[in-house]
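First the structure, in the form of structure tokens, and then the observations on it.
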Amino acid sequence: VDEILSGADGTNIKCGVVGEIGCSWPLTPSEHRVLQATAHAQSQLGCPVIIHPGRNSGAPFQIIRILQEAGADASKIVMSHLDRTIFDTKKLLEFAELGCYLEYDLFGTEFLHYQFHPDVDMPSDNERIARIRMLINEGYEDRIVIAHDVHTKNRLMKYGGHGYSHILKNIVPKMLIRGISQSKIDKILLENPKRWLTFK
């Protein structure tokens, strides 16, 4: 709370988001306490929160339940990494009903072996786009955000990766080809992040 109201690390630079709150599967007792503290801070401030769920399809459900029980507003929470977490369509739509933002944020990450969870088949960017189109068709266009989680040097263009322009240069044109309108793309890229990040 103090880092948002006063500033972080002894500076007057104020944080605008709580997170990314990292969670394991199964959730540890300390992670459970951190989620409760996150909910308490968010209920006081109305600030946005972003969650890194454990690598299990039940993890996002458990996390939202803990946050809501502690007073959090799901409409200000982004659940990240859904592209490697919930694969079943019925389960994804059930999760979407909980009201948080659904983030597909591994655009540009395509490989055969997912070292953190070898039994997961990491989806391709085309599969991510198809999943987003399905969520739009089901009425969740106001709850979708996307990113490419660039976090290692090999993802940068200098080292042969897609870089930070991948979504705008490659994904948006493919979304248009796949029948997602520019107005819906603008919601995903502009309006939804703006709504999530805005608080008083």
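The values are calculated or read from the model by the stated rules, or taken from the named source; none is laboratory data. Bear in mind that the values here come from a model prediction, so they are computed numbers and not experimental data. Note that we place each Cβ from the backbone using ideal geometry, even for glycine, and neighbour counts take in every protein chain shown. All accessible areas refer to the heavy atoms of the entire protein, side chains included, with ligands and DNA or RNA removed. Shrake-Rupley method; radii C 1.70, N 1.55, O 1.52, S 1.80 Å.
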Margin query: Restricting to Cα atoms and excluding each atom paired with itself, what does the Kirkwood estimate give for segment 142-200 in Å?
Written below: 12.8 Å
Check: So for 187, 158, what's the accessible-area order with a 1.4 Å probe, most first?
Finding: 158, 187
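Please list the three semi-axes, largest first and in whole Å, of the ellipsoid equivalent to the chain, using sqrt of 5 times the eigenvalues of its alpha carbon gyration tensor.
Values: eigenvalues 142, 76, 70 Å².
Three semi-axes, in Å: 27, 19, 19.
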Checklist line | residue 65 - accessible surface, heavy atoms, 1.4 Å probe, Å² rounded to 10 | finding: 110 Å²
Next item on the list: Could you work out how far apart the two model spin labels at residue 178 and residue 8 are, taking each label as a point 7 Å from the Cα in the direction of the beta carbon, and quote it in nm?
Entry: 3.2 nm
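Keeping every protein chain in place, order 100, 15 by accessible area at 1.4 Å, biggest value first, i.e. largest first. If you can, show how the numbers build up before the last one.
Numbers: 100 0, 15 45 Å².
Listed by decreasing accessible area, they come as 15, 100.
Of all the accessible heavy-atom surface of segment 1-115, with the other protein chains kept in place and a 1.4 Å probe, what percent is carbon and sulfur?
Roughly 51 percent, rounded to a whole number.
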Notebook entry, point to check: When all protein chains stay in place, what accessible area (Å², nearest 10, 1.4 Å probe) is found for residue 150?
Noted result: 30 Å²
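For segment 1-58, what relative contact order do you get, as a whole percent, if you take Cα pairs closer than 8 Å and at least 6 residues apart?
Values: 64 pairs, mean separation 22.3, N = 58.
Answer for segment 1-58 is 39 percent.
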Note to self: Rounded to the nearest 10 Å², what accessible area does residue 18 have for a 1.4 Å probe in the complete protein model?
What the structure shows: 30 Å²
Next item on the list: Per residue of segment 168-177, in order, report the coupling 6.51 cos²θ - 1.76 cosθ + 1.60 (Karplus, θ = phi - 60°) as ³J(HN,Hα) in whole Hz, putting x for Gly and Pro.
Entry: 6, 7, 10, 6, 4, x, 5, 4, 5, 4
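Just the C-alpha atoms of segment 28-118: what Rg/Rh do they give, with Rh taken as the Kirkwood radius?
0.99
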Next item on the list: Arrange the residues 156, 35 by how much accessible surface each exposes, largest first, with a 1.4 angstrom probe.
Entry: 156, 35
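Using only DSSP helix segments of four residues or longer, with each worth -39500 (n - 2.57), what per-residue ellipticity at 222 nm results for the chain after dividing by its residue count and rounding to 500?
Values: 8 runs with 70 residues, N = 200.
The helix-only estimate for the chain comes to -10000 deg cm²/dmol at 222 nm.
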Checklist line | C-alpha center-to-center spacing [segment 131-197, segment 1-75] in angstrom | finding: 24 Å
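For segment 41-200, what is the relative contact order in percent, using Cα pairs closer than 8 Å and at least 6 residues apart in sequence? List each step's numbers first, then the result.
Values: 210 pairs, mean separation 36.7, N = 160.
23 percent.
Leaving out ligands and nucleic acids, note down the accessible area per residue over the chain with a 1.4 angstrom probe, in whole Å².
On the way: 10420 Å² over 200 residues.
Ligands and nucleic acids excluded, the result is 52 Å² per residue.
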Notebook entry, point to check: What does the charge count near residue 3 come to, summing +1 for each Lys or Arg and -1 for each Asp or Glu among other residues with Cβ under 12 Å from its Cβ?
Noted result: -1
